[in-house]
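Beneath this line is the structure, given in structure tokens, with notes to follow.
The values are calculated or read from the model by the stated rules, or taken from the named source; none is laboratory data. Computed from a predicted structure; not experimentally measured. So basically every Cβ, Gly included, is an ideal-geometry build from the backbone, and we count neighbours across all protein chains shown.
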Amino acid sequence: MQPQSSLTHIPHPASHLTGGLSQQHRCPPIDPALYDRLEQRIGRCHLNQRLGIEHDCEARVFGQGRTFFHIENWYSAHSLMRLGLRLLGLHERGRGNARRIEVQRNQFRLERLPAAFDGYTLLHLTDLHLDMAIDIPDALIEALSRAEGYDLCVLTGDFRARTFGPYQGALKAMARVLPYIKSPVYGVLGNHDTIRMAPALEDLGIRMLLNESVVLERDGAAIHLAGIDDPHYYRADNLEKATDGIPSGSLSILLSHSPEMFRHAAYADFDVMLSGHTHGGQICLPGRIPLYFNAKAPRRICRGSWRHQRLQGYTSAGCGASILDVRLNCPPEITLHRLRCA
């Protein structure tokens with residue numbers, strides 16, 4: 001009989017899924033123990049699909065996902081954009097703006113909300129990109145000190161700055177921020193996040209919703225919180241699976257990194273949908289006129305509160321920054337959503 005240590009050399013179902021493109025940016029082969037943990041958590045089909053797409057497509061500039069062009073993956077253009085802002089004298093101003101995170105407040109009036117949940121408040125954080133710059137976590141911690149009176153926190157993805165490569169920096173920054181967030185905390189993955197991050201995020205205390213739902217109870221009443229895997233780039237969302245445990249007629253809230261699923265969410269009978277991804281444009285003209293929304297959805301869906309049929313939604317401008325750590329005419333935000341009976 002061979003010694004037990006030799007088991008680590010047995011070929012694993014996902015041993016070919018190494019992530020990344022060049023050797024410089026490639027993720028190491030997934031650890032068999034991590035693979036097994038994720039397989040038990042989300043199933044082999046979902047896991048292999050997510051890992052396979054990450055391996056083949058994670059850094060593409062064109063193709064893949066719901067939009068054809070992915071500017072966040074065009075890294076050769078980032079230095080030119082930074083240079084352009086410096087020549088215009090806007091770079092330092094934009095960096096300062098990106099660190100002044102506002103606390104926004106929003107209210108949903110809901111016909112199916114149980115009376116016990118009237119006034120229930122969710123703190124919504126999205127597009128954190130915590131490893132974008134060393135002082136980004138400090139700016140978020142300062143904003144969290146001004147957010148009070150919420151019952152739980154939801155995170156709608158994009159913990160990491162890049163779309164591929166190492167993610168330990170984002171996890172360490174998240175570990176710094178979490179003590180300033182009231183639990184419970186629920187989250188979903190975004191298009192900047194690898195599925196490999198999910199177990200580590202749960203070890204930190206974030207209950208990740210990977211095409212799943214949970215029941216929230218209060219004074220004998222219940223509502224349902226569901227979350228789907230990234231629907232924008234990896235298209236790993238599965239609304240059918242996420243709604244399996246939600247009884248017909250119950251109030252339900254959907255967490256989706258991108259707002260592009262709004263029609264599907266409405267037909268799936270969700271009451272509320274919380275999203276991010278668009279950054280509100282991040283760099284806008286005066287009057288908060290966005291130059292670009294990286295989402296295949298109507299502009300009215302891409303920032304702030306909106307409604308589609310009976311579904312009410314909110315697309316946050318996000319508390320971080322992507323591509324460059326700058327914002328112009330588009331303040332970063334964390335949002336307090338208060339649920340009220342209609």
Practice task
Considering each of LEU155, LEU251, LEU201 in turn, give the residue that is under 23 Å from GLY52 (Cβ atoms) and crowded, with 19+ Cβ neighbours inside 10 Å.
Solution key: LEU201
Handout entry: Filter result for GLY220 (farther than 18 Å from ILE30 by Cβ and assigned by TED's automatic domain parsing to the domain that holds PRO332)
Key = yes
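Here is a yes/no grid of residues against (1) farther than 22 Å from ARG160 by Cα; (2) in contact (Cβ under 8 Å) with a residue 60 or more places away in the chain; (3) not polar (S, T, N, Q):
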position: ASP271; (1), (2), (3): yes, yes, yes
position: SER275; (1), (2), (3): no, yes, no
position: GLN282; (1), (2), (3): no, no, no
position: ILE289; (1), (2), (3): yes, no, yes
position: PHE293; (1), (2), (3): no, no, yes
position: ALA297; (1), (2), (3): yes, no, yes
position: TRP306; (1), (2), (3): yes, no, yes
position: THR315; (1), (2), (3): no, no, no
Completion exercise
For ASN191, the lone unmet condition from (1) under 20 Å from ASP158 (Cα atoms); (2) among the polar types (S, T, N, Q); (3) buried (at least 22 other Cβ atoms within 10 Å of the Cβ); (4) more than 15 Å from the chain's Cα centre (by Cα) is (4)
Completion exercise
The correct count of residues that are in a helix (DSSP H, G or I), under 22 Å from GLU202 (Cβ atoms) and touching a residue at least 60 places away in the same chain (Cβ under 8 Å) in region 141-171 is 1
Exercise for the section: Hey, can you tell me all the residues within region 189-204 that are closer than 14 Å to ILE42 by Cα and without any contact (Cβ under 8 Å) to a residue 60 or more places away in the chain? Expected result: MET197, GLU202
Exercise for the section: Of the numbered conditions (1) modelled with pLDDT of 65 or more; (2) under 29 Å from ALA317 (Cα atoms); (3) not in a strand (DSSP E or B), GLU72 fails exactly one; give the number of that condition. Expected result: (1)
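Each row is one residue, and each column tells you yes or no for (1) closer than 21 Å to ALA143 by Cα; (2) among the hydroxyl-bearing types (Ser, Thr, Tyr).
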residue: TYR167; (1), (2): no, yes
residue: VAL177; (1), (2): yes, no
residue: LEU189; (1), (2): no, no
residue: LEU204; (1), (2): yes, no
residue: LEU210; (1), (2): no, no
residue: ILE223; (1), (2): no, no
residue: TYR233; (1), (2): no, yes
